[in-house]
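The values are calculated or read from the model by the stated rules, or taken from the named source; none is laboratory data. Source: prediction; values computed, not measured. When we count neighbours, we look across all protein chains shown, and the Cβ atoms used for this are built from the backbone with ideal geometry, even at glycine.
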Amino acid sequence: MHNLIMTLAFVLLNCDIGAEKSVLFSMRSISGVSEAVGVSGIYDIVAKLRADSNDGITSILRKFHLIAHVRSCSTMIVAEELGNWQSG
């Protein structure tokens, strides 16, 4: 049996004012985007990405930059994942 190690990343996006819903709609159709939600604060959208490698994450990010109204992305690759942690 082979264990597949996935790369996990979180992306914080800024988009043009009023374009959040259309950007979210476009992002959710991209393979590798496991979650994408609108947030308030410094960033407009937070997305969770899963891919088979860092190159896979880079490929997803290239697609993000092609979406109309995306102004910037900050990407954080997860260094270590604790698994399904739940508080008591």
field: Failed condition for ILE67, given (1) at pLDDT 95 or above; (2) surrounded by fewer than 10 Cβ atoms within 10 Å (Cβ to Cβ)
entry: (2)
task: For region 4-16, indicate whether the set of residues that are assigned to a loop (DSSP other than H, G, I, E, B) and either of a type in the set (Ser, Thr, Tyr) or modelled with pLDDT of 95 or more (or both) is non-empty.
output: yes
- prompt: How do the strands (runs of 3 or more DSSP E) wholly within region 19-77 filter down when requiring 2 or more residues that are closer than 20 Å to MET6 by Cα and in contact with a Phe, Trp or Tyr (Cβ under 7 Å, 6 or more places away or on another chain): which remain?
  reply: 45-51
